[in-house]
Structure formats: C-alpha cells, structure tokens
Amino acid sequence: ITGIPVVFISALEGRGRLQVMNEVIGTYQRWCSRLSTGRLNRWLIKVMSRHSWKDSASQPKIKFFTQVKARPPTFVAFLTGKTQLLESDIRFLTKSLKDDFDLGGTPIRIIQRSVLRTSPSGKSNGGSTSRSGGPARQRTTSDKRTVSV
C-alpha cells in the first residue's frame with residue numbers, strides 16, 4: 001500500500017501523540033469515503049485521455065465506473081466485450097484514484113464486469129426470463145437483505 005503517512009513520535013518526551021491521532025482519523029475518513037458515480041465518470045474521461053493504451057483496437061472500453069462499497073473503497077469498471085483490462089491498466093487506475101481523490105494509504109479494489117451489447121431492436125442478448133422459464137423477478141436491495149418486489 002503506497003501513500004501511508006509517516007509520523008515521528010517520542011515515547012520518552014511524549015512528542016507526536018496528537019499527530020498520530022490526527023493521521024489515524026484522517027486515514028479512517030479516507031477509508032470510509034464515498035465518491036459519486038458522476039464524479040467518477042468525469043474523472044474516468046480525464047484519466048482515459050492521459051493514459052496511453054498499448055493496443056487500442058483490442059483494448060476493452062470502460063463504459064462507466066462506480067463505487068459499490070466503502071471500507072475498503074471498492075469500485076466496479078463496466079467494460080464492453082469479454083476481454084479484461086491488463087494488470088498494468090488496473091495498477092494505473094488504482095494509482096490515479098489514489099492521487100486524484102487523496103486515497104493514499106487505503107487499499108483500493110477494482111472489480112471488472114463486462115456489459116452485454118444490445119441488439120438493434122433494443123433488447124439485450126440475454127433476455128429477461130428467469131431460470132424457471134417465467135418472467136424475471138425484480139429485486140430491491142437494502143443494506144442487510146434482499147427483498148422481492
């Protein structure tokens with residue numbers, strides 16, 4: 001983990017106690033931080049323009065980026081196609097997140113999900129039926145449990 005703050009203390013003289021507590025509080029606030037999807041997508045446009053992709057033809061395009069969880073900050077990158085981002089691209093996105101949003105010292109997770117392309121008629125390729133063959137049930141999630149609607 002990069003960006004961990006260093007605080008010098010002295011147990012004999014009692015120096016640095018307040019600085020340690022200030023850094024602990026600051027690190028906890030960064031650990032619990034939430035970023036809106038709109039802000040992340042605006043950030044993603046800037047980051048994608050300054051990153052040099054090695055092979056842009058075979059590179060999956062990131063459609064949008066969202067934060068799904070805090071503690072630790074966990075993000076999901078929705079990609080077109082079935083290919084995944086390279087490990088170097090994930091490291092670049094992680095470093096950019098830490099630099100641009102002051103998340104140094106916190107572990108960041110990035111999960112990749114592929115988005116199915118829609119057909120010209122507007123229906124997705126997967127259809128909307130459940131495994132039992134009937135219509136799919138819509139689910140609403142709360143913080144602790146899933147509720148069927």
> Arg139 fails exactly one of the following numbered conditions: (1) over 19 Å from the mean Cα position of the chain (by Cα); (2) among the charged types (D, E, K, R); (3) at pLDDT 90 or above. What is the number of that condition?
Replying inline: (3)
> Within segment 1-29, can you find the residues that are in contact with a Pro (Cβ under 8 Å, 6 or more places away or on another chain) and part of a helix (DSSP H, G or I)?
Replying inline: Glu23, Gly26, Thr27
> Does segment 42-79 hold any residues that are at pLDDT below 85, in contact with a strand residue (DSSP E or B) (Cβ under 9 Å, 6 or more places away or on another chain) and either over 25 Å from Leu116 (Cβ atoms) or open to solvent by 90 Å² or more (accessible area, probe 1.4 Å) (or both), and which are they?
Replying inline: Lys61
>> Looking only at segment 80-103, count every residue that is surrounded by 15 or more Cβ atoms within 10 Å (Cβ to Cβ) and more than 13 Å from the chain's Cα centre (by Cα) and tell me the total.
In response: 2
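The values are calculated or read from the model by the stated rules, or taken from the named source; none is laboratory data. Here the structure is a predicted model, which means the values were calculated and not measured. Note: ideal-geometry Cβ built from the backbone for every residue, glycine included; neighbour counts use all protein chains shown. Surface areas here come from the heavy atoms of the whole protein model, side chains and all, with no ligands, DNA or RNA. Shrake-Rupley method; radii C 1.70, N 1.55, O 1.52, S 1.80 Å.
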